[in-house]
Amino acid sequence: MALMKCPHCGKPYEIKTFTVMGVTKNLSVSQCNCIDEIAEKERLKNELEEKKRILEKKFKNSMMTPVFREKTFSMIDDSPQKRKCIEYAKNFKRHQSVGLSLIGKVGTGKTTLLACVCNELMIKGYNCLFTQVTDLLDKFIAARRSNDERAEEKLTNWLLEFDFVVLDDIGREKYTETRLELVFKIVDKLISHKIPISITANPEMIAKLKKIPDFEAILDRLNEACQLKFEFNGESYRRVS
């Protein structure tokens, strides 16, 4: 009788004789680890696919646009701000890290740096929100106008599931009494639940916000929450020569 061979590596099986309850049988026994190796490769493949699925879900939930999903620190020129942001992402701790404040001219890389921070944190398993205040306020206003009495509560609970929140380009939004009340509620909720808030803004937008009645309390809370403060005084990367 021809010896059986492993269909994967071609190594011949070994014939072993067993006697059970007086009955003797010959069995072909594999002498390789192909089955175990294939099973391990399949396990690793499934594990990688699951990690990709989870990461994609985090990206989708983050409200980050595809352009900023692609941002990495390796794309940015070296600078003190970049080094500090890399260190921040490396040492980030849920409910312990402070927020970041990036203030400077248009096109100096503020938003890109915080996108890099978010991407690093999401790869590490954290949940991040990356949005402009206007978009977040629109969500809450829509919730208030919906027929679901618990819509705003659900949205608040969704907000509090994040580990790191970026409010990008603040100051460009228009404020009504309702929107002022909502942005105060959002900032206060995040701070009271120890969720780090980070912001980007242009100096003139901060100056504009200071002139809005009742916004001073919001700025005070953001100033306290965003303890790491970076200024950007360089030329715009977007300028066409």
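The values are calculated or read from the model by the stated rules, or taken from the named source; none is laboratory data. All values reported here derive from a predicted model rather than from experimental measurement. Don't worry about glycine lacking a Cβ; one is built from the backbone with ideal geometry, like all the others, and counts go over all protein chains shown. With ligands, DNA and RNA removed, areas are computed over all heavy atoms of the protein, side chains included. Shrake-Rupley method; radii C 1.70, N 1.55, O 1.52, S 1.80 Å.
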Problem - Residues located in region 97-127, provided they are under 9 Å from the mean Cα position of the chain (by Cα) and in a loop (DSSP other than H, G, I, E, B) - result: 124, 125, 126, 127
Fill in the blank from the handout: Selection from region 201-221 of residues farther than 26 Å from residue 161 by Cβ and open to solvent by less than 70 Å² (accessible area, probe 1.4 Å) yields 202, 203, 205, 206, 207, 209, 212, 215
Exercise for the section: Might you let me know whether region 8-23 holds any residue that is touching a helix residue (DSSP H, G or I) at 6+ places or on another chain (Cβ under 6 Å) and part of a loop (DSSP other than H, G, I, E, B)? Expected result: yes
Handout entry: Subset tally (residues that are modelled with pLDDT under 95, among the hydrophobic types (A, V, I, L, M, F, W, C) and surrounded by 18 or more Cβ atoms within 10 Å (Cβ to Cβ)) for region 123-135
Key = 1
Problem - Filter pass, residue 29 being open to solvent by 70 Å² or more (accessible area, probe 1.4 Å) and out of contact with any His (no Cβ under 8 Å at 6 or more places or on another chain) - result: no
Handout entry: Condition check for residue 91: under 24 Å from residue 56 (Cα atoms) and surrounded by fewer than 21 Cβ atoms within 10 Å (Cβ to Cβ)
Key = yes
Problem - region 60-73, residues that are of a type outside the set (Lys, Arg), touching a residue at least 24 places away in the same chain (Cβ under 8 Å) and outside any loop (DSSP other than H, G, I, E, B) - result: 61, 68, 73
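State the number of residues belonging to region 129-177 that are of a type in the set (Lys, Arg) and in a loop (DSSP other than H, G, I, E, B). Write out each step before concluding.
Within region 129-177, the subset of a type in the set (Lys, Arg) is 139, 144-145, 150, 154, 172, 174.
Imposing the further condition that a residue be in a loop (DSSP other than H, G, I, E, B) reduces the set to 150, 172, 174.
Residues flagged as of a type in the set (Lys, Arg) and in a loop (DSSP other than H, G, I, E, B) within region 129-177 amount to 3.
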Exercise for the section: Answer yes or no: is there a residue in region 47-59 that is surrounded by 12 or more Cβ atoms within 10 Å (Cβ to Cβ), over 12 Å from the mean Cα position of the chain (by Cα) and without any contact (Cβ under 8 Å) to a residue 60 or more places away in the chain. Expected result: yes
Handout entry: Subset tally (residues that are closer than 17 Å to residue 198 by Cβ and among the charged types (D, E, K, R)) for region 70-85
Key = 4
Exercise for the section: Please identify the pairs in which a residue from region 191-218 that is touching a residue at least 24 places away in the same chain (Cβ under 8 Å) and assigned to a loop (DSSP other than H, G, I, E, B) has its Cβ atom under 7 Å from the Cβ atom of a residue that is open to solvent by 10 Å² or more (accessible area, probe 1.4 Å) and hydroxyl-bearing (Ser, Thr, Tyr), counting only partners at least 6 apart or on another chain. Expected result: 196/97; 212/175
Exercise for the section: Filter region 148-200 for residues that are within 17 Å of residue 216 (Cβ to Cβ) and either open to solvent by 40 Å² or more (accessible area, probe 1.4 Å) or among the small types (Gly, Ala, Ser) (or both) and give the result. Expected result: 171, 175, 177, 181, 184, 185, 188, 191
Exercise for the section: Considering each of 46, 91, 61, 33 in turn, give the residue that is within 22 Å of residue 226 (Cα to Cα) and not acidic (Asp, Glu). Expected result: 91
